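A short write-up of the structure that comes next.
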């Protein structure tokens, strides 16, 4: 029996969430959250996830802070991805590098998103 990879997408921009979910649903199971509070509920009640994608700027905090929280858990996802359409501060860039978090610039193309999936999972472009 094969296990379906599970991904959580966190972004307050509904269009970004829908585009990313549509691209990923062809190869994995996707949950979506529009803010950190909902993301924390998904992580607690539906985790663990193979990959978590979070936007940097969320209405109730920083996606980077959310990913740092997830990175420190026993059920850390294989891949943590920070999405942003803005220029990062030097402090943010350093925190991202040190935590092993991948960056995905917005807007993004489907192949760039699929390339971030854990390499053990086959996907088509």
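Nearest 5 is fine: what % of DSSP beta bridges in the chain come out antiparallel, could you say? Don't skip to the answer; put the middle values down first.
On the way: 2 of 20 bridges.
Here the antiparallel bridges make up roughly 10 percent for the chain.
The chain: Rg/Rh from Cα coordinates, Kirkwood Rh? Please report the intermediate quantities before stating the final value.
On the way: Rg = 13.4 Å, Rh = 14.4 Å.
Checking Rg against Rh, the ratio lands at 0.93.
I need two numbers for the stretch 14-59: Rg to one decimal and Dmax as a whole number, Cα atoms only, in Å.
10.6, 29
Using alpha carbon centroids, what distance separates the stretch 78-98 and the stretch 1-72, in Å?
About 16 Å separates the Cα centre of the stretch 78-98 from the one of the stretch 1-72.
By the gyration tensor of its Cα atoms, with a ≥ b ≥ c the square roots of the eigenvalues, what is the shape of the stretch 65-125: rounded for a/c under 1.5, prolate for a/b over b/c, or oblate? Can you show the working numbers first?
Working: a/c = 2.63, a/b = 1.19, b/c = 2.21.
Oblate, since a/c reaches 1.5 and b/c is not below a/b.
Report the extension gain between residue 27 and residue 112 in nm, rounded to one decimal, defined as 0.36 nm multiplied by the number of residues separating them, less their alpha carbon distance.
29.2 nm
Test of understanding: ordering 9, 96 by Cβ neighbours within 10 Å, fewest first, what list do you get?
96, 9
Each reported figure results from applying straightforward, stated rules to the coordinates on display, with no laboratory input. Computed from a predicted structure; not experimentally measured. A quick note on method: Cβ atoms are made from the backbone with ideal geometry, for glycine too, and the neighbour counts reach across all protein chains shown.
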